[in-house]
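The values are calculated or read from the model by the stated rules, or taken from the named source; none is laboratory data. Here the structure is a predicted model, which means the values were calculated and not measured. Cβ coordinates were reconstructed from backbone atoms using ideal geometry, including for glycine residues, and neighbour counts include every protein chain displayed. We work out accessible area using only protein heavy atoms, side chains counted, and drop any ligands, DNA or RNA first. Shrake-Rupley method; radii C 1.70, N 1.55, O 1.52, S 1.80 Å.
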Amino acid sequence: MHTDVLIPGGSFLMGDPFDEGYPSDGETPVHEVTVSEFSIDATAVSNAAFAAFVQATGYRTESELYGTSAVFHLAVLADKDDILGTAAGTPWWLNVRGADWAHPAGPLSSWQDIPDHPVTQVSHTDALAYCEWAGRALPTEAQWEFAARGGLVQSRYPWGGELHGTDDTGGTVHHCNIWQGTFPTLNTCEDGFLTTAPVKSFEPNGYGLYQTSGNVWEWCSDWFLPKYYKSCLAKGTVEDPPGPTVGRGRVMRGGSYLCHDSYCNRYRLAARSSNTPDSASGNLGFRTVASAASR
């Protein structure tokens, strides 16, 4: 079920060296971090993998228990009566009755149509439940960034410094699944996808990890505290940092198919964001880790 990638221990410079991040996200200062050897999923956990967990345990996600979840307005597959309103401040998110991991776009959708896409509509609590069943854990933020960088030093993206490549005919090569066009009304889908892509779309990074930029946000284990990097820098090189002991939510990494430089330039490797542990949406998933000793 898990395609594990062994990540060698080592040190790296964590954070944004380009000063491109949002000040409130706390992507700076850049600080040195050492991580021990660990293994990580090559991909985000897929719908098929999460379905196996549900079948084995009977687990019900928080969205299922609550009865509604957030779906992007251009992706909704639901009757009008099941669309209950918009999210405050982000009208492109609709609260949809019956949206959950098994019906990620609403009750007229099914995970079985996209088994190789990342599972979405899962809260931090749901991700931890899956990890407990699988004998895994959520990555720390430091583990996630170290693995996502794929061995590149202070690179902007997992593949290098430029967002797009060019093919032999001069055409644009897309390296990740993010928004093209005018957010949030027109996605030209030049990368091939309106919402999620299969977990092994696009080329992997230097460690063999797929889509650590774009596609879906990925939960990490850490609490989110914007000033945390400052405290790390003050300590010198930090080893296996677990994150702060308190925060305003749990860390999310990697950006998603909704990210666009006009709105959410968080598909960069250093970018970070957060959400409350009970939150779930159609662009939020996770991947898991294990210590090298438990492989």
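See the values below:
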| item | result |
| --- | --- |
| Residue, modelled with the lowest pLDDT, within the range 22-39, restricted to residues that are part of a loop (DSSP other than H, G, I, E, B) and farther than 26 Å from G208 by Cα | Y22 |
| Test set (1) of a type outside the set (V, I, T); (2) touching a residue at least 60 places away in the same chain (Cβ under 8 Å); (3) surrounded by fewer than 14 Cβ atoms within 10 Å (Cβ to Cβ) - L269 fails condition number | (3) |
| Of residues in the range 50-83 being in a strand (DSSP E or B) and of a type in the set (A, V, I, L, M, F, W, C), the one most open to solvent (accessible area, probe 1.4 Å) | I83 |
| Every residue from the range 142-157 that is more than 15 Å from D16 (Cβ to Cβ) and either part of a loop (DSSP other than H, G, I, E, B) or not hydrophobic (A, V, I, L, M, F, W, C) (or both) | Q143, G150, G151 |
| Subset of the range 95-133 [surrounded by fewer than 21 Cβ atoms within 10 Å (Cβ to Cβ), under 19 Å from the mean Cα position of the chain (by Cα) and in a helix (DSSP H, G or I)] | T125, L128, A129, C131 |
| Selection within the range 236-266 - closer than 26 Å to E37 by Cβ, among the small types (G, A, S) and either modelled with pLDDT of 95 or more or crowded, with 24+ Cβ neighbours inside 10 Å (or both) | G243, G254 |
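Table: residues versus (1) among the acidic types (D, E); (2) touching a Phe, Trp or Tyr at 6+ places or on another chain (Cβ under 9 Å); (3) at pLDDT 95 or above.
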position: D191; (1), (2), (3): yes, yes, yes
position: Y210; (1), (2), (3): no, yes, yes
position: S231; (1), (2), (3): no, no, yes
position: A234; (1), (2), (3): no, no, yes
